[in-house]
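These notes are about the structure you will find just below.
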Amino acid sequence: MTTSLVTINQDDQTYSGHEWAIILFESPWCGSCKELERFMEKLSLPSGIDCFFGKVDITQNQPLAVQYGVMSLPTVVILQKGVLREKFSGRMPEEKFLRKINQYINLG
């Protein structure tokens with residue numbers, strides 16, 4: 001099973017009700033953002049892990065980008081019960097991306 005990324009905005013913060021949330025801050029013109037988006041869509045979670053996958057278009061949702069201190073694209077934030085655990089930015093190979101996620105969420 002692959003994930004599906006939910007588009008979120010500053011008025012919809014349902015992601016904070018999940019045990020884990022991985023949110024990609026991106027823009028339509030950002031090629032590296034699209035690459036990370038593909039990596040996130042390919043992730044599959046073992047059963048029993050409550051993890052929300054979302055994306056935020058910063059051109060439409062500046063307040064949310066400011067809230068999480070997004071200074072460059074792409075930026076990924078990992079939240080645990082709505083609390084920021086990690087934030088990382090920039091282009092990276094899929095293996096490095098998976099290692100960063102696995103530091104918090106065991107993908108198997």
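What follows is calculated from the coordinates using simple rules that are stated; it is not laboratory data. None of the values given here were measured: they were computed from a predicted structure. In this analysis, Cβ positions are derived from the backbone assuming ideal geometry, glycine residues included, and neighbour counts consider all displayed protein chains.
Assorted remarks:
- The string of couplings for the range 9-15 from the Karplus curve (6.51, -1.76, 1.60, θ = phi - 60°) is 9, 5, 8, 10, 10, 4, 4 Hz, one whole number per residue in order, with x for Gly and Pro.
- Our helix-only sum for the chain, with -39,500 (n - 2.57) per DSSP H run of n ≥ 4 divided by its residues, gives a mean residue ellipticity at 222 nm of -7000 deg cm²/dmol.
- In a fully extended conformation the segment linking residue 27 and residue 6 would gain 6.1 nm over its present Cα-Cα distance, using 0.36 nm per residue.
- Lone cysteines, the chain (no partner Cβ under 4.7 Å): 51
- Vicinal HN-Hα couplings computed from phi for the range 86-91 (Karplus, 6.51 cos²θ - 1.76 cosθ + 1.60; Hz; Gly/Pro x): 7, 9, 9, 10, x, 6
- For the chain, a simple Cβ point-charge model (Lys and Arg +1, Asp and Glu -1, everything else neutral) yields a dipole of about 340 debye relative to the Cα centre.
- Note on residue 87: aspartates and glutamates with a C-alpha under 14 Å away, same-chain residues under 8 apart excluded, are 26.
- DSSP bridge pairs, the chain: antiparallel proportion in percent, nearest 5: 55 percent
- Label sites at residue 99 and residue 80, each approximated as a point 7 angstrom past Cα along Cα to Cβ, lie 2.0 nm apart.
- Packing-based order for 35-43, 8-16, using average beta carbon neighbours within 10 Å, highest first: 35-43, 8-16
- Ordering of 53-65, 91-103 by burial proxy (mean other Cβ atoms within 10 Å per residue, highest first): 53-65, 91-103
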